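One structure is given below, encoded as structure tokens.
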Amino acid sequence: MAAMATDTTSSLIPGADRSPSSWGLGDGQAIPWEYAPAPESRDVVTLKERYGLFIGGRFVSAADNGTFATVNPATEETMALVARATLADADKAVRAARRAQTRSWGALPGRERAKYLFRIARILQERSREFAVLESMDSGKPIKESRDVDVPLAAAHFWYYAGWADKLEYAFPGRVARPLGVAAQIIPWNFPLLMLSWKIAPALAAGNTVVLKPASTTPLSALLFAEVCRQADLPPGVVNILTGPGEVGMALVTHKGVDKVAFTGSTEIGKRIAKGVAGTDKALTLELGGKAANIVFDDAPLDQAIEGIVNGIYFNQGEVCCAGSRLLVQESIAETLIDKLKDRLATIRVGDPLDKNTDVGAINSKAQLEKITELVASGVAEGAELYQPACDLPERGYFFRPTLFTNVAQSHRIAREEIFGPVLSVLTFRTPDEAVEKANNTMYGLSAGIWTDKGSRILEMAQRMRAGVVWANTFNKFDPTSPFGGYKQSGFGREGGMHGLHAYVRLEDR
Ligand code: NDP
């Protein structure tokens, strides 16, 4: 639903009696016009009533026939029943992956593996609309993001790693790169298909087979991907998809037949997974939470910075591990910048994820909405100043207004904890040293942003950020060729680029 006019009764043309200079200019008012609905058609998606596990190239029921419901967070309607894997199913999937690794996939020459990956990439592109609509329905993200970001980037990862499959000797000169074996991969709900591609593409390129567990709130795009594997004639067992609760994930992590564990999700579960592999020779990569600083200096191009700030925190409802959730503004421009930001917030459209005009869709689950609501209440209770633009939220579904907090202290929970929602905390600084100190004053270290006119300042600041990714005069830009990963409690290991390939090989001397 678009932002609604608030005073339309006195004129035939909504908002015509308000001067343009007061249209949402930091006064909490919404833009005084409506957007015509532009819904994407759902017809391109064929939902099944029940989905099975994908093991050994076939869709099968869970050992005990159990299922769980996956819900559309924008409507609260059940979309389908999905098989709820048991520990026995986890064992079966690992065995299928092992068989495929030793009997077919591991022995295939790289150029043959590449052909499959190219084929998967092409099918993802051919079925991109179907994937985008399904992803938006199951996760709540706006169609313009699933259509323009998630799905194209997922395909790009398969294209990219397909290119490496027959060139491992060039990726690791002078060494022989051997696959690790079977990879257990556990992914979250914020970028379901994209996280799947980050994990599966490099693993397969290097000759590994995988068992992947999607998040329970967003299993459907992974199950559609399983169909793509069949369509691409991928040998059975190379990719296995297990839907089910966290304990199934842990059963994979601790399974003796698994050689590598890759996890993206919360720091809390990441720690449990690290304990689960401790004392074994399993390889492990963890991509966990974040509380990124987006730093704006007084010489920054402000209008550009506003777009970067908005993209940094309201993209994907702020449910992004590298979201720029702490805005650090140089004190001399803080007032101007915050006014501009409030203006911009008034134009953000919150509502139906399948509407092409929507900027902020539905929060992924009721539990996540409750977590955001609780943290926002803590911000108010601790004395920060809350600002939300006027906008009507749909009556059903899990929606939250874009939120801005000023007067935030570093000790506030909203400045320390990962909210994973459309909530921005603004802090100020006077000197570059103070900005560095505040930016690094977090247990996380996944990403950071720097906005300034000076190249030398970008280089100096980037070097001083304890963060895996630093964006300069932009934010939330992703590319399959560039590595991504964290410092401190944001995890370890890198995904993307050659670094991402490295995480799936054992290097031996020639
Ligand atoms: P989790 O870390 O619980 O979930 C991520 C994945 O891990 C899901 O597939 C989940 O399965 C699985 N999982 C859950 N418990 C276990 C376990 N004991 N062993 C192995 N796998 C497990 O994240 P939540 O969904 O609970 O979100 C909570 C918070 O985590 C968010 O508010 C956000 O702050 C952060 N988060 C960070 C993400 C990131 O990208 N860094 C992504 C998602 C969340 P299941 O879905 O079945 O529970």
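Please treat every number below as a calculation from the coordinates, not as lab data. Nothing here was measured: the structure is a model prediction, and the numbers come from that model. Cβ: placed from backbone, ideal geometry, glycine included. Neighbour counts: every protein chain shown.
Some observations on this one:
- Those residues of segment 41-81 whose amide nitrogen sits under 20 Å from the label point placed on Thr102, 7 Å along Cα→Cβ: 55-57
- Listed peptides 256-268, 187-199 appear in the order 187-199, 256-268 once ranked by packing, highest mean of other Cβ atoms within 10 Å at the front.
- Electrostatic bookkeeping for Gly351 treats Lys and Arg as +1 and Asp and Glu as -1; over the other residues with beta carbon under 10 Å from its beta carbon, the sum is -3.
- When only Cα pairs below 8 angstrom with a gap of at least 6 residues are kept, segment 408-510 shows a relative contact order of 20 percent.
- Range of Cα positions in segment 162-220 per principal axis (Å), largest first: 44, 20, 12
- Helix 151-165 axis, angle to the chain major axis (alpha carbon atoms, nearest 10°): 40
- In segment 83-180, inverting the average of 1/r over every pair of distinct C-alpha atoms gives 15.9 Å as the Kirkwood radius.
- Highest average packing first - 409-416, 217-224, Cβ atoms within 10 Å: 217-224, 409-416
- Amide H within-cut-off set for Ala472, under 5 Å, with H built and near neighbours excluded: Ile450
- The Cα-based radius of gyration of segment 126-190, divided by its Kirkwood radius, gives an Rg/Rh of 1.13.
- In a simple Cβ point-charge model (Lys, Arg +1; Asp, Glu -1; nothing else charged), segment 105-155 has a dipole of about 300 debye relative to its Cα centre.
- A Cβ-based charge dipole, computed about the Cα centre of segment 64-214 with Lys and Arg at +1 and Asp and Glu at -1, lands at about 800 debye.
- Debye, to nearest 20: dipole size of the chain, +1 on Lys, Arg Cβ, -1 on Asp, Glu Cβ: 2540
- A simple rule links phi to the HN-Hα coupling: the Karplus curve 6.51 cos²θ - 1.76 cosθ + 1.60 with θ = phi - 60°, which for segment 481-498 gives 7, 10, x, 9, x, x, 10, 6, 7, 8, x, 8, x, 10, 10, x, x, 5 Hz, with x for Gly and Pro.
- Degrees, to the nearest 10: 128-139 long Cα axis against longest axis of the chain: 70
- Isotropic mean projected area of the C-alpha convex hull, segment 132-268 (nm²): 8.9
- Of the residues Ser332, Val360, Leu345, the one whose Cα sits farthest toward the positive end of the charge dipole of segment 290-363, with +1 on the Cβ of Lys and Arg and -1 on the Cβ of Asp and Glu, is Val360.
- Counted over all Cα-Cα pairs of segment 201-355, pairs farther apart than 24 Å make up 54 percent.
- DSSP bridge orientation in the chain - percent antiparallel, rounded to nearest 5: 35
- Contact order, relative form, for segment 117-206: 35 percent (alpha carbon pairs under 8 Å, 6 or more residues apart, mean separation divided by residue count).
- With N as its number of residues, the chain has a Cα radius of gyration that, divided by 2.2 N^0.38 Å, comes to 0.99.
- Ranking of Phe405, Phe158 by count of other Cβ atoms within 10 Å, fewest first: Phe405, Phe158
- Placed amide H near Gly289: partners under 5 Å, 5+ positions off or other chain: Thr267
- Where labels lie 7 Å past Cα in the beta-carbon direction, separation of Lys275 and Leu459 in nm: 4.6
- For the chain: relative contact order, % (alpha-carbon pairs under 8 angstrom, 6 or more apart): 19
- Per-residue ellipticity at 222 nm from helix content only, as computed over the chain with -39500 (n - 2.57) for each DSSP H run of at least four residues, stands at -11000 deg cm²/dmol.
- C-alpha long axis of helix 267-277 to longest principal axis of the chain, angle in °: 20
- At R0 = 35 Å, FRET efficiency that the Cβ-Cβ distance of Asn473 and Glu385 yields, to 0.05: 0.80
- Each of Leu124, Thr86, Gly110 was placed along the dipole of segment 21-171 (beta-carbon charges, centred on the mean Cα), and the one lying farthest toward the positive end is Gly110.
- On the principal axes of its alpha-carbon atoms, segment 317-413 has extents of 40, 26, 25 Å, going from largest to smallest.
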